[in-house]
1. How do the pairs read when you match residues in region 243-258 that are loosely packed, with under 10 Cβ neighbours inside 10 Å with residues anywhere that are in a loop (DSSP other than H, G, I, E, B), using Cβ under 9 Å and keeping only pairs 6 or more apart or on different chains?
2. Got a number for residues in region 250-280 being under 13 Å from the mean Cα position of the chain (by Cα) and of a type in the set (D, E, K, R)?
3. Report whether or not Val205 is buried (at least 17 other Cβ atoms within 10 Å of the Cβ) and in contact with a helix residue (DSSP H, G or I) (Cβ under 7 Å, 6 or more places away or on another chain).
4. Tally up the residues in region 83-112 that are outside any strand (DSSP E or B), within 31 Å of the chain's Cα centre (by Cα) and surrounded by 12 or more Cβ atoms within 10 Å (Cβ to Cβ), please.
5. In the set Asn194, Asn224, which member is under 30 Å from Asn264 (Cα atoms), in contact with a helix residue (DSSP H, G or I) (Cβ under 7 Å, 6 or more places away or on another chain), surrounded by 13 or more Cβ atoms within 10 Å (Cβ to Cβ) and not charged (D, E, K, R)?
6. Could you name every one of the strands (runs of 3 or more DSSP E) located completely within region 159-266 that has at least 2 residues being modelled with pLDDT of 85 or more, in contact with a Ser or Thr (Cβ under 8 Å, 6 or more places away or on another chain) and under 22 Å from Asp55 (Cβ atoms)?
7. Going residue by residue through region 75-97, is there one that turns out to be touching a Pro at 6+ places or on another chain (Cβ under 9 Å) and of a type in the set (Ser, Thr, Tyr)?
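The values are calculated or read from the model by the stated rules, or taken from the named source; none is laboratory data. What you see is a predicted model, and the numbers here were worked out from it, not measured in a lab. With ideal geometry, Cβ positions are generated from the backbone for all residues, glycine too; neighbour counts draw on all protein chains shown.
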Amino acid sequence: MIFGAFERMVAARYLRARRKEGFVSVIAGFSLVGIALGVATLIIVMAVMNGFRADIMDRILGVNGHINIYGVNESITDYDARIAQLKTIPGIVSAIPSVEGQVLVSSDANTAGALVRGLKSEDIKQMAWISGHIVDGSMEQYDAGEGILIGARMAERFRVRAGQEITLISPKGNVTAFGSAPRSHSFLIAGVFNMGMSEYDSGMVFMPLSLAQTYFKYPDGVSNLEIRIDDPDKAQIVVKRIASSFPPGFRIFSWQETNGPFFNALQVERNVMFLILTLIILVAALNVISGLIMLVKDKGRDIAVLRTMGATRGMIMRIFFIAGASVGVIGTLVGFGLGLAFCDNIEAIRQGLQHLTGTELFSAEIYYLTQIPAKMEWHETLSIVAMALFLSFGATLYPSWRAARTDPVEALRYE
């Protein structure tokens, strides 16, 4: 074995300091707590950042297409032929026609802007975040082309529910002698969805495609085509394929162009948080160094006695290496366990803290989501553990080397 029973026994004895050496033991304890908290915090923050990014991306891409194609003159009239053409391009899974338009939503309780998306019933049923999260009403009237779907936060803000009507006012109205007059129409609310993302639940309306074509004046066409591909990360490659097969004039946007700055900002924030929290572990590792140096200084006489009894420099070095590494290993394992437990129960912990403090700790309007997501990437978590162990082991090398270099004659002379 690399570490013998003698080295382990002496190292364990040194970690259990007596009363006059209690300060060294306190430093070791603080070092252990520091490493544990650093590892746990880093695991939790990385898991939350990963979960937030994955959840946001899943919801955004689950409702919007990976690629959107807009017509030359704000209308695509031959959309059936275009969809058939798109399905022949490698990488494209589906293409659906859509009508988009900005409206002013009005009721007796409130008035606010919203985005209307006109989609066929069979297409919206493929969007599990919408069709699978109907909390009031149903899809029946939407299927019949007679009702619309609104978000739960919009329904709450405008104080309406399924079965009631809401007024939509479109700037694309009728042209009169006095100019263009906004078009106002009341629509029946077929259902209310709650996908858990504030931006969509409060500002998006889904309308049957035929109804949207009539309301927004696209009698024979659609405003855009939404494309889904097999690998969202290859959207730019598929965009180039589409551009090469489509005539000039069509505007083609991938989800990376539309939402790229947002996800890039998340990635930058994630990297900065990783760097900052790594410094916590580094500071705790420096405490290990200071604690071990003090331990070596206090144990000068013991080292001299061990050397005169036949202990080699390698044995002395291993004794102090085990003493310091034990603090790092135990702290890392405790931090790993704390991080794991916290990530598994993060939403329950948030609810408990909100109940105790009486404040809202995770506002959906600010953070987009209604719950704190946590997604642990095991390769990343194991990398954090490995990094903490590396720093802890590295922190023990110099004090252990210094202990091994202690001259027993000098140490006994000045005792």
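1. Pro247/Val72; Pro248/Val72; Gly249/Gly71; Gly249/Val72; Gly249/Asn73
2. Restricting attention to region 250-280, the residues satisfying the condition of being under 13 Å from the mean Cα position of the chain (by Cα) are 262-271, 273.
Next, only the ones that are of a type in the set (D, E, K, R) stay: 269-270.
Residues that pass the stated criteria total 2.
3. no
4. Count: 1.
5. Of Asn194, Asn224, the one residue that is under 30 Å from Asn264 (Cα atoms), in contact with a helix residue (DSSP H, G or I) (Cβ under 7 Å, 6 or more places away or on another chain), surrounded by 13 or more Cβ atoms within 10 Å (Cβ to Cβ) and not charged (D, E, K, R) is Asn194.
6. Answer list for region 159-266: 224-229.
7. Within region 75-97, one or more residues are touching a Pro at 6+ places or on another chain (Cβ under 9 Å) and of a type in the set (Ser, Thr, Tyr).
Matching residues to (1) out of contact with any Leu (no Cβ under 6 Å at 6 or more places or on another chain); (2) in contact (Cβ under 8 Å) with a residue 24 or more places away in the chain; (3) charged (D, E, K, R):
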| site | (1), (2), (3) |
| --- | --- |
| Asn110 | yes, yes, no |
| Arg117 | yes, yes, yes |
| Lys120 | no, yes, yes |
| Val135 | yes, yes, no |
| Gly147 | no, yes, no |
| Thr167 | yes, yes, no |
| Pro171 | yes, yes, no |
| Gly191 | no, yes, no |
